[in-house]
1. Treating the Cα atoms of the stretch 140-242 as identical point scatterers in vacuum, please give the log10 of the normalised Debye intensity I(q)/I(0) at q = 0.15, 0.20 Å⁻¹, two decimals.
2. Mind sorting 150, 170, 233 by how few other Cβ atoms lie within 10 Å of their own Cβ, fewest first?
3. Taking the stretch 91-171 on its own, what percent of its Cα-Cα pair distances exceed 14 Å?
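Readers should treat all values here as calculations from the given coordinates under stated rules, not as data from a laboratory. Source: prediction; values computed, not measured. Don't worry about glycine lacking a Cβ; one is built from the backbone with ideal geometry, like all the others, and counts go over all protein chains shown.
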C-alpha cells in the first residue's frame, strides 16, 4: 500500500485494480486508467475519495470513471463506465408531458423541463406534449417540470443509458391530479382537511396547498371553493403580448 495514495498515484498502481473492477462489472477498461482521468493531485484525490466525482478533463478518449475508486479508504465503486460504454454525445432523456390544456388566459401550454444536479441546472428545455434532453452523462439527477400557475414537480432519476420518463405537472388546487381544477378537487381537499379521506400523494399535497403556507388546512379549502365558484381566483392571468 502506498504511504501517500494521493501524491503517489500512478497508472501502474491502479492498472490491475481497474482491470479487476472491469471484469467484475462487465466493462472494457483497456483504455481506462486513473491518470488519464485525473491529471493533477486534486483531481486524483477527488476521483479516489469523492462519491460520483467526474474529473473535468476526463473524456471518452480515455474513458469515463465515475464513482469512488477507493482501495485505500474502504470505499466502494458503484459505477464504472469506459469509452466503450458511454456514447461520445452522452445519453438522451425523453418522455411525454401531461399538463393543463392551454386556455390563453391562465395556461399557455408551455412548460420548462430542467435537469438538476446538486442544485445546479445542467440542462433545460421548453416543452409541450413531450420533451427531450440530450448529452447527459450517467449520474443521478432531479428532473424538474415547472409552468405558469402550476406546482413544480420534481422527479428523482438515475441515467445509465437512454432513458424515458413520462412526467406530469398540475395547476395550483388540483388535489386529484387530473390537470383540471373543479368541484371534485374542492371535495377532495375538504375531505382531507376534515380527516375523512386523507391525501397521501406528496405531489397532490403540494397542489392542494393553495396558499403555499403552513401545509394543507381549512384556509386552502375555502380559497379553492371560492375559486371554483367564481368568487375569487387563485391563478394569475398571462400577460398580454404585443
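1. Summing over Cα pairs of the stretch 140-242 leads to -0.65, -0.97.
2. 233, 150, 170
3. Percentage above 14 Å: 57.
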